[in-house]
Amino acid sequence: MSNQLSDRQVQAYERDGFVCPVDVFSAQEAAELRREYEKIEAQAATDPETKAALRDDGFISVPLVHRIVTDPRVVDAVESVMGPDILAWGCSFFVKEPRSPSYISWHQDLHYWGLDESEEVTAWIALSPAPVEAGCMRFAKGSHKSKVSHRDTFDERNLLSRGQEIEVDVDEADAVEAALRPGQMSLHHGLTIHASNPNTTDDRRIGLAVRYIRTSMRQTSDVRQTAKLVRGTDAYGYFDLMPEPSGLFDPADLARHTAALRAKREVQMKGTEMKV
Ligand SMILES: O=C(O)CCC(=O)C(=O)O
């Protein structure tokens, strides 16, 4: 059975710049995904290369992440707002430990990614409970119509790579809390201003944010990047398409993965003093 969004959900996404909650995995599946994630996380923790590979773009060398990113229930919903030819350009785990100060400042995703168009959708998939108290995603309703300027803060409690935040104020009256149960997701547009507060609960808050783009989008810098074709065909060839991983952190996959992260970081940290 298809998991396409209803017309109402599509209209909400187009009007507000986000839609939630969208049901994807059952509670039991989500619990299994979390168990599997935490097992790999423990295995990967002591090696900086595997740790980074699990955190970002895991679909290149982590079969679990590949399964989630290509799951038809996720991709069906994304297709409803994006059309038939879809790449996963990246993904990242955002983990907030129990009662930790980590937060995300108000920002737009597309600001530092070097992509030429705005047709990017993030699926933020909850692998643990993400109620308001755990610091769920917060969206500024209707904020996806234009780009706003950002500044870097490099605040160490901020989970974003540059601690970037927008230079304008968000009216709290426009902020919508996107509480999710494990196995649900939200979808937000690449220009939707969003943030999240610290986790004040006794459980971890674990989410996988998957960045889907149209195959027609391209990287504006001359750094060649990678992506995963998850639906339809790629008639453009703007990205190196990644195969399915052969196994967990298979050496050839891992080498490809580390190179891909380096290329991406080169674009994202442009203009900062940070080493790639
Ligand atoms: O996980 C969070 O709280 C924020 C994630 C985020 O900023 C994103 O998915 O773009």
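A quick yes/no check of all residues on (1) under 18 Å from the mean Cα position of the chain (by Cα); (2) part of a strand (DSSP E or B); (3) within 16 Å of the ligand (Cβ to nearest atom):
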| position | (1), (2), (3) |
| --- | --- |
| Ser186 | yes, yes, yes |
| Leu191 | yes, no, yes |
| Asp202 | no, no, no |
| Gly207 | yes, yes, yes |
| Tyr212 | yes, yes, yes |
| Met217 | yes, no, no |
| Val223 | no, no, no |
| Lys228 | yes, yes, no |
Note on the range 116-153: residues more than 10 Å from the ligand (Cβ to nearest atom), of a type outside the set (D, E, K, R), under 22 Å from Gln268 (Cα atoms) and part of a strand (DSSP E or B) are Val121, His150
Among the residues of the range 1-18, is any closer than 23 Å to Lys228 by Cα and of a type in the set (Val, Ile, Thr)? no
Confirm whether Ala235 is in contact (Cβ under 8 Å) with a residue 12 or more places away in the chain, farther than 30 Å from Pro131 by Cα, among the aliphatic types (A, V, I, L, M) and not in a loop (DSSP other than H, G, I, E, B). no
Which residues, taken from the range 169-178, are over 16 Å from Tyr103 (Cβ atoms), within 15 Å of the ligand (Cβ to nearest atom) and either without any contact (Cβ under 8 Å) to a residue 24 or more places away in the chain or part of a loop (DSSP other than H, G, I, E, B) (or both)? none
For the range 138-152, give me the residue count where each residue is hydrophobic (A, V, I, L, M, F, W, C) and out of contact with any Asp or Glu (no Cβ under 8 Å at 6 or more places or on another chain). 0
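Yes/no matrix, rows are residues, columns are (1) in a strand (DSSP E or B); (2) touching an Asp or Glu at 6+ places or on another chain (Cβ under 6 Å); (3) within 16 Å of the ligand (Cβ to nearest atom); (4) under 25 Å from Thr201 (Cβ atoms):
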site	(1), (2), (3), (4)
Leu64	no, yes, no, yes
Ile68	no, no, yes, yes
Val78	no, no, yes, no
Pro84	no, no, no, no
Ala88	yes, no, yes, no
Ser92	yes, yes, yes, yes
Val95	yes, no, yes, yes
Trp106	yes, yes, yes, yes
Residue that is surrounded by the most Cβ atoms within 10 Å (Cβ to Cβ) [pool: residues in the range 48-57 that are in contact (Cβ under 8 Å) with a residue 60 or more places away in the chain and under 21 Å from Asp240 (Cβ atoms)]: Asp57
Quick check: is even one residue across the range 154-168 over 20 Å from Gln268 (Cα atoms), away from the ligand (no atom under 13 Å from the Cβ) and surrounded by fewer than 18 Cβ atoms within 10 Å (Cβ to Cβ)? yes
Residues satisfying the stated conditions in the range 1-37, i.e. surrounded by fewer than 20 Cβ atoms within 10 Å (Cβ to Cβ), assigned to a loop (DSSP other than H, G, I, E, B) and not aliphatic (A, V, I, L, M): Ser2, Asn3, Gln4, Ser6, Ser26
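Run down Ile104, Ile40 and say which single residue is crowded, with 17+ Cβ neighbours inside 10 Å, β-branched (Val, Ile, Thr) and at pLDDT below 95.
Within the list Ile104, Ile40, the selection yields Ile104.
The values are calculated or read from the model by the stated rules, or taken from the named source; none is laboratory data. Here the structure is a predicted model, which is why all the values come from computation and not from measurement. Please note: Cβ atoms are built from the backbone with ideal geometry, for glycine as well, and neighbour counts cover all protein chains shown.
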